[in-house]
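J.: Quick one: the structure is below, and I'll ask about it shortly.
Each value in this text was obtained by applying a stated rule to the coordinates, not by laboratory testing. Bear in mind that the values here come from a model prediction, so they are computed numbers and not experimental data. When we count neighbours, we look across all protein chains shown, and the Cβ atoms used for this are built from the backbone with ideal geometry, even at glycine.
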Amino acid sequence: MTKLLASVTGPDEAGIVIEGGADIVDLKDPSKGALGAVPPAVLKATIVRVAGRRPVSAVAGDLPMEPRIVSAEVEARAAADFVKIGLFPASRREREAVISALRPLAERIRLVAVFFADGDPDFDLLPLLAEAGFAGAMIDTIGKTGGEGAPAGGGPKGLLSHLSVASLGSFLERARGLGLMTGLAGSLEPPDVPRLLVLEPDYLGFRGALAAGRRDGPVDLPAVRRIAGLIHGPSTESVGAGVAKDRIFVRDMTMAMEIGAYGHERGRRQDVRFSVEAQIDRIRPDAETMGDIYSYDVIMDAIRALGERGHTDLVETLALSLCRAILADRRVHEVTVRVEKLALGPGAVGIELTRRRTDLDT
């Protein structure tokens with residue numbers, strides 16, 4: 001189950017996020033950058049306040065990729081349950097040198113490497129991290145929007161504006177395969193939660209959305225409870241089995257894809273149109289948050305992921321894959337998928353399938 005990592009500035013905020021439902025208390029000074037570090041004394045005081053109720057992580061700071069500097073800052077925060085080290089923009093050689101220098105510390109400190117979606121992330125470093133004894137790897141952003149309420153237009157964007165859901169899923173799958181704990185963060189907002197939960201990261205990290213929309217503001221208990229409810233809520237368990245159903249749909253979503261069994265269709269992209277209608281648990285009258293509904297963003301993400309996986313011979317393969325992806329959520333009882341190729345003679349040719357969850361085993 002995915003956990004909530006809540007970034008705090010010290011003991012008082014740690015108490016608030018624990019009351020609000022956070023699973024991991026993460027120490028960070030937002031005024032000092034993406035991974036601005038708090039002094040060791042603040043870490044010590046926070047550990048005393050948490051008193052073992054939650055794991056405590058601490059960031060090492062916004063540091064140059066110099067092994068001596070990074071190692072010293074990590075050592076200074078060895079009291080934390082986890083220490084997060086940013087792999088900031090640098091050459092491959094410089095990043096490898098930092099990872100190698102931390103190998104001895106990884107024997108007694110649980111280290112988590114932080115890739116930056118907007119900072120030249122090199123996911124080919126994942127095997128080296130595992131070999132060096134790192135406990136985990138996550139993706140964050142260097143630029144921050146400030147969370148909910150940030151001005152529209154211009155400025156840094158959140159995680160999903162830099163990497164697609166499919167790309168994030170590939171990162172998580174690769175890291176898990178190496179035995180690494182996984183996390184996602186980066187100016188995440190409430191609507192991002194259901195889209196990322198389907199990827200099953202070990203944790204989602206938040207700061208701005210917990211601070212009433214201002215990353216450098218104090219954490220707000222109702223905001224923490226809101227995000228905790230989204231993460232811990234019934235994201236994959238049916239909440240309305242046996243009652244009347246509602247329907248959600250995505251119609252006429254067109255993407256350029258590599259599709260077709262003929263030789264002349266390989267190495268080129270053509271437009272494919274998707275329409276999806278899903279029977280879901282009935283929406284409760286008191287539904288107010290993203291955690292109370294099944295988001296159509298999840299369907300659109302599943303369609304986009306099909307477009308990123310390379311050449312597919314048959315529209316039937318696309319339709320069946322999409323059915324399986326959508327029915328993986330226990331709130332979906334039945335789905336109808338239509339896939340149409342738009343470049344063959346008539347207006348469209350394709351297939352329409354209807355599947356129920358009971359069909360997944362057949």
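J.: Between beta-carbons, use under 11 Å as the cut-off and find the net charge around ALA60, counting Lys and Arg +1, Asp and Glu -1.
T.: Net charge in that neighbourhood comes out at 0.
J.: Among 106-112, 135-141, what's the highest-first ranking by average C-beta atoms within 10 angstrom per residue?
T.: Going by the mean number of other Cβ atoms within 10 Å, highest first, we get 135-141, 106-112.
J.: Cβ under 10 Å from ARG195's Cβ, ARG195 left aside: what net charge do those residues give with Lys, Arg +1 and Asp, Glu -1?
T.: That works out to -3.
J.: Short version: ³J(HN,Hα) in whole Hz for each residue of the stretch 101-112, in order, from phi by Karplus 6.51 cos²θ - 1.76 cosθ + 1.60 (θ = phi - 60°), x for Gly and Pro, what are they?
T.: 5, 8, 3, x, 5, 5, 6, 10, 10, 7, 9, 10
J.: Same structure again: Going highest first, how would you order 170-178, 183-191 by mean Cβ packing within 10 Å?
T.: 183-191, 170-178
J.: Compute log10 of I(q)/I(0) for the stretch 3-232 with the Debye formula, placing one identical point scatterer on every Cα and leaving out solvent, at q = 0.15 Å⁻¹, to two decimals.
T.: Values returned for q = 0.15 Å⁻¹ are -0.95.
J.: On a 24 Å Cα-Cα criterion, which of the cross-link pairs LYS32/LYS157; LYS32/LYS84; LYS44/LYS144; LYS3/LYS28 come out too long?
T.: Beyond 24 Å between Cα atoms: LYS44/LYS144.
J.: Please list, in order along the stretch 16-29, the HN-Hα scalar couplings obtained from phi with the Karplus expression 6.51 cos²θ - 1.76 cosθ + 1.60 (θ = phi - 60°), rounded to whole Hz, x for Gly and Pro.
T.: With the stated coefficients, the stretch 16-29 comes to 5, 5, 5, 4, x, x, 5, 9, 9, 9, 10, 8, 7, 10 Hz.
J.: Assign one of three labels to the stretch 165-231, namely rounded, prolate or oblate, based on the Cα gyration tensor with a ≥ b ≥ c the square roots of its eigenvalues; rounded applies when a/c is under 1.5, prolate when it is not and a/b is larger than b/c, and oblate otherwise.
T.: Note, shape of the stretch 165-231 comes out prolate.
J.: Quick one: Kirkwood hydrodynamic radius for the stretch 268-362, alpha-carbon pairs, angstrom, one decimal?
T.: Hydrodynamic radius (Kirkwood, Cα only) of the stretch 268-362 equals 14.5 Å.
J.: Please list, ordered by chain and number, the residues whose modelled amide H lies under 5 Å from the amide H of ARG282; skip anything fewer than 5 residues away on the same chain.
T.: ASP246
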